1. List the residue pairs whose Cβ atoms are under 7 Å apart, where the first residue sits in region 104-128 and is at positive phi, the second is assigned to a strand (DSSP E or B), and the two are 6 or more positions apart or on different chains.
2. Kindly provide the set of residues from region 242-268 that are under 18 Å from residue 427 (Cα atoms) and within 7 Å of the ligand (Cβ to nearest atom), ordered by number.
3. Residue by residue through region 384-412, note down the ones that are within 16 Å of the ligand (Cβ to nearest atom) and either in a loop (DSSP other than H, G, I, E, B) or in the same structural domain as residue 250 (by TED's automatic domain parsing) (or both).
4. Return the residue satisfying two criteria in turn: it lies in region 211-241 and is closer than 26 Å to residue 173 by Cα and part of a loop (DSSP other than H, G, I, E, B), and of such residues it is nearest to the ligand (Cβ to nearest atom).
5. Looking at region 393-449 only, could you name the residues that are within 30 Å of residue 158 (Cβ to Cβ) and among the small types (Gly, Ala, Ser)?
6. Would you confirm, using the coordinates I've provided, whether residue 499 is more than 14 Å from the ligand (Cβ to nearest atom) and small (Gly, Ala, Ser)?
Amino acid sequence: MATPAVASIHDISLPKFCKTGGAISVRDVSSPESIVSKWLSSFESTLSSGKVSELPSLIHEDGWWRDQLAVDWEFHTKRGLKNITDLLDGRLSKVGFRNLKAHETGQFAPKKETPIEDLEWVETMFSFETKVGTGKGMVRLVCLPNGIWKAHMIYTALQELHSAKEIAGYHRPHGGNNSLKGGTIEGNWYERRERQKEFLDEQPTVLIVGAGQSGLNLGARLQSLGLSVLIVDKNERVGDNWRHRYRTLVTHDPVQYTHMAFMKFPDNWPLFTPKDKLADWFEIYASAMELNIWLRSTIKTAEFSDETGMWSVEVTRGDGSTRSMKPSHVVFCTGHAGEPRVPSFPGQDSFTGSVYHGSQHKDATFQGDVAGKKVVVVGTGNSGHDVAQNYYENGAEVTMLQRAGTYVISAKTGLFMLHEGLYDEGGPPTDDADIFGQSLPIPVQFALNVDGTKRIAQAEKESLDGLRKIGFKIDFGHDGSGIYRKYVTRGGGYYIDVGASQLLIDGKIKLEQSPDGIKGFSEKSLILADGRELEADVVVLATGFDSMNTTLRKAMGDKIADRCKEVWDLDDEGEINAVSTNPLYWMMLLLINCVDVATFWPPQTVVHGWQSGIMPYLLEVPGAPDQGTRRGPGGMIDW
Ligand SMILES: Cc1cc2nc3c(=O)[nH]c(=O)nc-3n(C[C@H](O)[C@H](O)[C@H](O)COP(=O)(O)OP(=O)(O)OC[C@H]3O[C@@H](n4cnc5c(N)ncnc54)[C@H](O)[C@@H]3O)c2cc1C
């Protein structure tokens, strides 16, 4: 079953470019290198001449260009020659694309690919320069019946500014006493760090809220650009965001997919990280990256002045003191979801058992001895399954309640198929994997995922059939596109199976369906909409979370929150909502490295925290080009 197709502007049909479609032939692609080299050199001439009128000879009528900061300070997905031309018209000479070079070796050197039947292209990763910096991109070329190669998809991402190199590699700090400004008389490294952490001598330019993986990564990258960054977190210790989760939690994503900036997980790190180990790593990371973190701290008040373009923020610290500051940027890294979505039902007060939201679940044992106790878990997403499994393993009689279909993919098979060849042992460098991963327009990814989802379902047929047999409703998502579209458009609706599916199939965990939901509680039971009663000692509401806007509203108040757009799902162009044009900017971050950061900032400055390869981009980076590059009022770029 796929989610009923409510038409979306992001539903696309993939074109056919193949020899049967009258185009490519094996002979044509005997030298992908020369096809790419010829096209790339014509493309570079056109870009540098600024003649958009020449683009039709290079880009397919129905081609795509996805750009992350190379063309302007926005993320764009443009489909169709006309929209691409409109984006570039008048801008090309200002951008100054040059030195386009295809990768010569490795996984992303020119090669023929057949992502799905009847769709063949020659693809390559390439590097480029612009007037302001350097970047990487991908191009996918298709052969038309007349033998001419044109780009069907172009991706460009700016990675580094010429004027603000990261303080890393060749530019790493010296570290010796003589390199310290003013010498050791003004403090050795340790003494300076102590003053820096407290911001005794300066104001932070960037204030980051949240010291989870996003805040830590972004802090490390911005500091490496020479910016002064303060991170505040309400928790007692860095890593508590993972420590406080349920006892048995282990990440669902493999290690190759979760590296952090500058400091990769060691080679002997487990494939999947237990939560407390990850928490400890975050502490080590924060110390190694010299991040300035105030713990048990939150925002008390925040105001943004449209006149000065500055924030006035009061931070309440753990000791109860308050500190006022005027950062140029405030970045929200408070998690990809917002506050727990906790429904309440008629009669709940009269229920004699315990009811709690999945986010509060620590471990079944924290309810005392649960052997033989009746537990109902409402919801069949990740948390619901994990909680149900945890109760079952502690001897409880567990029933899961399903209202609508859930996508199921196993951690042992499907998940590896998703990351195969990209984020696995022997895979390409993470930065390149990230560029590749972002290089397809999201609607194209959705469409391609349909085929991948079918292949995964085939590989997991036995388990899926077993689930169907017990009445579990499986939903393969919109058009059968699987996990990614579900994640981007609704932030849930799937289970990455780490064992609970077999328990359901074996009848060790029971399953009840209630398409119309819950009517209420009686003293001893949960009452379903159709009147059936499920006797229970414990009811866990694994009902998910609101969007992160709710956390923003709670922390920053209505005035700021009202200026921000809802996050998630795609905007009209096909970029994830809030990663595109907004007066106050938003992105979100996950544990994975292909992630964005919940970010908002005043209109005339721009911060982008993106995957490992792409610059956290801040126009106030010392020495960054600012003529004609700042965002003008209303979020338009004034190049
Ligand atoms: C059970 C579970 C399992 C998961 N497994 C995976 C997985 O395997 N792979 C994966 O990619 N993702 C997983 N996720 C999602 C994962 O949590 C996020 O991907 C990741 O934690 C997001 O990192 P973050 O830094 O954006 O937010 P978080 O890790 O949520 O960190 C946010 C931080 O902000 C702080 N904070 C929030 N509000 C405020 C405030 N007002 N003031 C001060 N501080 C504040 C919090 O204390 C916290 O430290 C899982 C989530 C859950 C719930």
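The values are calculated or read from the model by the stated rules, or taken from the named source; none is laboratory data. Computed from a prediction, not measured in an experiment: that's the story for all the values here. Backbone-built Cβ (ideal geometry, glycine too); neighbour counts: all protein chains shown.
1. That search, which allows pairs on different chains as well, returns nothing.
2. Hits for region 242-268 are 253, 258.
3. 411, 412
4. Our first condition is that a residue be closer than 26 Å to residue 173 by Cα; within region 211-241, this holds for 211-232, 238.
The next check asks that each one be part of a loop (DSSP other than H, G, I, E, B); those that pass are 211-212, 224-228, 238.
Numbers: 211: 5, 212: 2, 224: 18, 225: 20, 226: 23, 227: 19, 228: 19, 238: 8 Å.
It comes out as 212.
5. Matches in region 393-449: 421, 426, 427, 433, 437, 439, 447.
6. Answer is yes for this residue.
Results for (1) more than 14 Å from residue 380 (Cβ to Cβ); (2) buried (at least 20 other Cβ atoms within 10 Å of the Cβ); (3) not basic (Lys, Arg), shown as yes or no for each residue.
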position: 443; (1), (2), (3): yes, yes, yes
position: 451; (1), (2), (3): yes, no, yes
position: 466; (1), (2), (3): yes, no, yes
position: 471; (1), (2), (3): no, no, yes
position: 486; (1), (2), (3): no, yes, no
position: 497; (1), (2), (3): no, yes, yes
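Residues are listed down the side, and each one gets a yes or a no for (1) assigned to a helix (DSSP H, G or I); (2) crowded, with 16+ Cβ neighbours inside 10 Å:
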{"site": "314", "(1), (2)": "no, no"}
{"site": "319", "(1), (2)": "no, no"}
{"site": "323", "(1), (2)": "no, yes"}
{"site": "331", "(1), (2)": "no, yes"}
{"site": "343", "(1), (2)": "no, no"}
{"site": "359", "(1), (2)": "yes, yes"}
